[in-house]
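Structure first, then comments.
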Amino acid sequence: MPELSEMSKEQRLERLRHSASHVMAEAVLSLFPNAKLGIGPPIDTGFYYDFDVPRPLTTDDLVVIEERMRQSIAADHPFVQEAMDKDAARRLFADQPYKLELIEEIADAMVSTYKHAGFVDLCAGPHAASTAQVGAFKLTSVAGAYWRGDERRPMLQRIYGALFETEEELQEYLHRLEEAQRRDHRRLGRDLDLFSFHEEFGPGLVYWHPKGGRIRTIIEDLLRQEHYQAGYELVYSPHICKAALWETSGHLDFYRENMYPAIDVDGQDYDLKPMNCPFHIQMDRSDVRSYRDLPMRLAELGTVYRLERSGVLHGLMRVRGMTQDDAHIFCRPDQVEDEIVQVVDFAARLLRTFGFQEYDIFLATRPEKYVGDPEQWDQATEALKAALALRGLSYQMDEGGGAFYGPKIDIWIKDAIGRAWQCTTVQFDFNLPERFDLAFIGQDGREHRPYMVHRALLGTMERFLGILLEHYAGAFPLWLAPVQAVVIPIADRHADYARRVAAELRAAGLRVDVDERSERMQAKIRDAQLQKVPYMLVVGDKEAKAEAVAVRLRSGEDLGPLPVSQFLLRALDEVRERS
């Protein structure tokens, strides 16, 4: 076995993080001797382990577990691997039902275990040489996790830990983690009154509140405008249709587990749509197309429904009802590369508008479960590569990450604290045109098969708002802010002037509220700052006399008095520039 010093940093960290999960399991068993052990893998930033323990774990428990871990690390216990037959393993783990389940799934006659300090775990390894090599770590949280990710199985308690090679790296990560928690879109959405969920009436379904609705409307209006300028036509499609459509498209074979159960209508099965593409195909088939009619670009802000497992639902980031900025391009084979290039350019321009300057591109290839001829897949993959090469764009390969019907390009943006989010996807599809027998009349007067490109630029409205909230920590730029300014009268006698100022600003297109509550001025300013309102416009006797407003920023900066007309020009310029 090579020494840690001979490995790459990635290999070292994987080994150390895996070892730390065993040390944590040892510590938990010392505190809860009857605990049942799940699994404990390394992850990108550390490790976790799932436990079935007799009571809910608390942050106080994490402190004690962490101290027990440090004692084990200081004792420098060696990690020792042992192979045994399945019968011996069953006897060893007789009181560990989750381990017994895993043993039955191992194909080999022999199984591997690792032991340190009297603790033994079912594990293929590899591990560090001893506990003393475990790096700088910190237990960060405890959360519920269904066994094997299945909500029908027992709920276990998952302890997460962070681990890095040095204390400096650990502290940098913990700072980023703290910042991520401060930016958590679920808390911000509640505090800023943007959206809510009501689990009793359907998990994963978003209720957009008025201010959240304003932001969504701004985004959707921009998308409509940009799509028309880019040569798309906007369409609308049904939310439900007969199951036969999904049989033809292949979704019932490849996507059924993510679809809601069928609904019986007049003795026939109907399904809520998980995708928009079959509907757009019907629009293409509604008339005979000439080669001159192509490309045909159909876009839709289409709401779809997907039966995500309850255990993976996560605020706006993972929901069951979502609205995609979806589009499908029907084109001739000679147009494919240009269309893909235009989509990538369109996406980059749009993402920059929302403040995302950095992104990575991935080319995802044929998955294990797919339709079509492998040769077609290779040709489609080469077409995507050629399109990226036309723009000189660098990319990474995502082997096996394609959709079941074709390869795709994914664009991952980076937010303000360096986290990556997948938004844009461009998917090549040679399967659905075949399944639906699509055709166009070529220059030779004969029928030819069009190619089809699926694409989404921002992804879904729900998830993109979640990303924006965390990117901006709720402090949206002026053009996106649901309330752009709040007018604050100092006393009741200034309320009429405050309302006149608000009316003038609204007439010019700004989103303005008036705070007429009988609170102190400083309290109103503080509340507006907590609501992340970009501008606070304070008005009193001086301002009313001068037709002015005293301007304050949510950062706390005081810009002093400005004529209303001058403030209006400033704000409108800021909105126009989307700065």
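Local charge sum around K242 (other residues, Cβ-Cβ under 12 Å, Lys/Arg +1, Asp/Glu -1)? Present the calculation step by step, with values, prior to reporting the outcome.
Details: positive: K273; negative: E247, D264, D266, D269, D271.
Its environment carries a net charge of -4.
With a cut-off of at most 11 other beta carbons within 10 Å, and DSSP calling the residue loop, which GluC sites (Glu not before Pro) in region 533-570 qualify? Please list them.
Numbers: sites: E543, E547, E557; in loops: E547, E557.
Answer in residue order: E557.
Remind me, relative contact order of region 195-472 in percent, using alpha carbon pairs under 8 angstrom and six or more residues apart? Mind showing how you got there, number by number?
On the way: 501 pairs, mean separation 54.3, N = 278.
So the answer I get is 20 percent.
Restricting things to alpha carbons, find the Rg to Rh ratio for region 312-438 using the Kirkwood radius for Rh. Kindly include the intermediate steps, with their values, before the conclusion.
Values: Rg = 15.3 Å, Rh = 15.7 Å.
Answer for region 312-438: 0.97.
Using all alpha carbons of the chain, what is the percent of pairwise distances in each 20 Å bin, ordered from the shortest bin to the longest?
Final binned percentages: 16, 40, 34, 9, 0.
For the residues V64, V539, V514, what sequence is obtained by ranking on other C-beta atoms within 10 Å, fewest first? Walk me through the numbers before you get to the answer.
Working: V64 15, V539 26, V514 19.
Ordered from fewest to most neighbouring Cβ atoms within 10 Å, V64, V539, V514 come out as V64, V514, V539.
Do the sum for the chain: with -39,500 (n - 2.57) for every DSSP H run of n ≥ 4, divided by all residues, what is the mean residue ellipticity at 222 nm, to the nearest 500 deg cm²/dmol? Numbers along the way, then the final one.
Working: 18 runs with 213 residues, N = 579.
So the helix-based figure for the chain works out to -11500 deg cm²/dmol.
Note down the relative contact order for the chain as a percent, whole number, built from C-alpha pairs under 8 angstrom at least six residues apart.
On the way: 1030 pairs, mean separation 57.8, N = 579.
Relative contact order for the chain comes out at 10 percent.
Calculate one ³J(HN,Hα) per residue across region 40-52 by plugging θ = phi - 60° into the Karplus curve 6.51 cos²θ - 1.76 cosθ + 1.60, and present them in order as whole Hz with x for glycine and proline.
Working through the residues one at a time gives x, x, x, 10, 4, 10, x, 6, 8, 8, 9, 10, 10 Hz.
Give, rounded to the nearest 20 debye, the magnitude of the charge dipole that the chain has about its Cα centre when Lys and Arg contribute +1 at Cβ and Asp and Glu contribute -1 at Cβ.
Roughly 1660 debye for the chain.
Quick one: which residues, 5+ away or cross-chain, put their amide H under 5 Å from the amide H of A403? H built at 1.01 Å from N.
K408
I need the chymotrypsin sites (Phe, Trp or Tyr not before Pro) found in region 420-510, filtered to DSSP loop residues with at most 11 other beta carbons within 10 Å of theirs. Kindly include the intermediate steps, with their values, before the conclusion.
Working: sites: W421, F428, F430, F436, F440, Y451, F464, Y472, W479, Y497; in loops: F430, F436, W479.
The qualifying sites: there are none.
Hey, fewest Cβ within 10 Å first, where do E300, E516, E382 land in order? Before the final figure, lay out each step's value.
On the way: E300 23, E516 15, E382 11.
Lowest count first: E382, E516, E300.
Quick one: if you stick a label point 7 Å off each Cα along the C-beta vector at E375 and A507, how many nm between them?
My value for the distance between the label points is 7.1 nm.
For labels at K542 and Q181 in the simple 7 Å Cα→Cβ model, what's the distance in nm?
Result for the modelled spin labels: 4.3 nm.
Can you count the Lys pairs in region 4-180 with C-alpha separation below 28 Å, eight or more apart or on different chains?
Step by step, the pairs that qualify in region 4-180 add up to 11.
What order do you get for E151, E339, E257 when you list them from fewest to most C-beta neighbours inside 10 Å?
Arranged by neighbour count, lowest to highest, E151, E339, E257 become E257, E151, E339.
Quick one: if the Förster radius is 25 Å, what FRET efficiency do E172 and Q422 give, using the C-beta to C-beta distance and rounding to 0.05? Numbers along the way, then the final one.
On the way: r = 24 Å, r/R0 = 0.97.
The computed FRET efficiency comes out at 0.55.
Counting only DSSP beta bridges with both residues in region 195-472, tell me the antiparallel percent, nearest 5.
Details: 48 of 55 bridges.
Restricted to region 195-472, the bridges split so that about 85 percent are antiparallel.
Report, in whole Å, the centroid distance computed from the Cα atoms of region 247-286 and region 337-382.
Cα centroid of region 247-286 versus Cα centroid of region 337-382: 25 Å apart.
With a cap of 13 neighbouring Cβ atoms within 10 Å, and only residues DSSP puts in a loop, list the chymotrypsin sites (Phe, Trp or Tyr not before Pro) found in region 224-314. Can you show the working numbers first?
Values: sites: Y228, Y232, Y236, W246, F254, Y255, Y270, F279, Y291, Y305; in loops: Y232, Y236, Y255.
Qualifying residues, ordered by number: Y236.
Quick check: the distance between the Cα centres of region 175-223 and region 39-66, to the nearest angstrom?
What the calculation gives is 29 Å, centre to centre.
Per q in 0.13, 0.14, 0.16, 0.17 1/Å, what log10 I(q)/I(0) does a Debye calculation on the alpha-carbon atoms of region 4-180 return?
These q points yield log10 I(q)/I(0) values of -0.64, -0.75, -0.99, -1.11.
How much FRET efficiency would the formula 1/(1 + (r/R0)^6) give for D398 and S286, where r is the Cβ-Cβ distance and R0 is 35 Å, rounded to 0.05?
Details: r = 35 Å, r/R0 = 1.01.
Efficiency at R0 = 35 Å is approximately 0.50.
Percent relative contact order of region 4-180, based on C-alpha pairs within less than 8 angstrom and at least six residues apart? Write out the running numbers ahead of the final one.
Working: 291 pairs, mean separation 47.0, N = 177.
Over region 4-180, the number comes to 27 percent.
Any read-out appearing in this document is the output of simple, stated calculations on the displayed coordinates, not a laboratory observation. Keep in mind that what you see is a predicted model, and the values were worked out from it rather than measured. Cβ: placed from backbone, ideal geometry, glycine included. Neighbour counts: every protein chain shown.
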